[in-house]
1. Could you list Thr62, Thr34, Thr248, Thr91 in order of exposure, starting from the residue whose Cβ has the fewest other Cβ atoms within 10 Å?
2. Calculate, in nm to one decimal, what Leu218 and Cys54 gain on full extension: separation in residues at 0.36 nm each, minus their alpha carbon distance.
3. Listing Met200, Met133 from the residue with the fewest other Cβ atoms within 10 Å to the one with the most, what is the order?
4. Which one of Gly135, Gly284, Gly61 has the biggest mean-square fluctuation once the chain is modelled by GNM with Cα springs under 10 Å?
5. How far is it, in nm, from the label point at Leu67 to the one at Leu154 when both lie 7 Å from their Cα along the line to the Cβ?
6. Per residue of the chain, what 222 nm ellipticity follows from adding -39500 (n - 2.57) for every DSSP H run with n ≥ 4, rounded to the nearest 500?
7. When only C-alpha pairs under 8 Å and at least 6 residues apart count, what is the relative contact order of the chain, in percent?
8. Of Tyr253, Tyr81, Tyr90, Tyr191, how do they rank once you tally other Cβ atoms within 10 Å and put the fewest first?
Amino acid sequence: MHPEARRGHAAAIFTIALWGTTYISTKVLLRTFTPIKILIIRFVIGYLALSVICPRPAKRGTLREELILFTAGLSGITGYYLLEHFSLLYTQASNVGVIIATAPFFTAMAERIVRVREDRPGKNFYFGFIVAMSGICLLSFGGEGAGIHFLGDLLALLASVAWSVYSVCSRSISKRDDLSTLQATRRIFFYGIVLFIPAMFFFDFSPGIRDMIRPVNLANLLYLGFGASAVCFVTWNFAVKAIGAVRTSVYIYLTPVVTVVSSVIILHERITPAALTGIALTLGGLVLSQLKGKNG
């Protein structure tokens, strides 16, 4: 494997390792903050962090290039996170987890639409998708079952589609030689934050400085803003550049696995035989989807 590809796979794994644990921080913060507050604060922190790390202003591209960056902010920041958070108000978290994990499939379909030939998936991708989704269903539904809530499930499905749009935009952005990964991520954050502003008029948004500086809240906000946002979006975008949008998005299958393992380690929750089987199937599906077949 080419060194650049190895670094790309490592970056994707690192990103998912952090993203899979963000639910713990979010769960703690939801005791004090509304979803829109958490989202705006975390991405403002992320934007400021990127501005400190890479203060050099980005070169403004053509109208088409700026439109792609704008679309990335709309789909991957504003659209995805708003849809994901509000889907949780209308359906069970297990439903959302399974539906969001279909993002790699939608990414592959989006790549086909824009005809990015080098990322066209083969049969192994689709076999891996089926195996991984079987595992994810076991992780999410094992032993307890889940109800069907149309509106919430629809919002989660739209969030998955939004992420696939972001992945395709990221692949296009990564091909620009005049824009570093840090600069591109910062510009995407900027557009995402601007697009959050209209939501502030419909939902309560008052920062609550006293609540923000409480040690527990501050630590979790910094983790989400700096680690899960600034750092992770940079490493994710690097992975997309190194190994492609479809291959990178496949690592989303690992998110429920990280969630289960971290809940055992941090929250001391009991892992069930169904969950263990689900982890094995998910990992197996991930490996299978990465294998190159005759059509891969």
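1. Values: Thr62 8, Thr34 16, Thr248 28, Thr91 21.
Fewest to most other Cβ atoms nearby, the residues stand as Thr62, Thr34, Thr91, Thr248.
2. On the way: separation 164, 0.36 × 164 = 59.04 nm, distance 2.33 nm.
Taking 0.36 nm per residue and subtracting the Cα distance, the gain is 56.7 nm.
3. Working: Met200 13, Met133 19.
Placing the least packed residue first, the sequence is Met200, Met133.
4. Sorting by GNM fluctuation, first place goes to Gly61.
5. With each label point 7 Å from Cα toward Cβ, the separation is 2.9 nm.
6. Values: 16 runs with 205 residues, N = 296.
My calculation for the chain gives -22000 deg cm²/dmol from helical runs alone.
7. On the way: 429 pairs, mean separation 121.6, N = 296.
Contact order relative to length: 41 percent.
8. Details: Tyr253 26, Tyr81 22, Tyr90 16, Tyr191 19.
Taking fewest neighbouring Cβ atoms as first place, the list is Tyr90, Tyr191, Tyr81, Tyr253.
Just so you know, all these numbers are worked out from the coordinates, no wet-lab data involved. Quick caveat, the model's predicted, so the values are computed rather than measured. All Cβ positions, glycine included, derive from the backbone under ideal geometry; neighbour counts span all protein chains shown.
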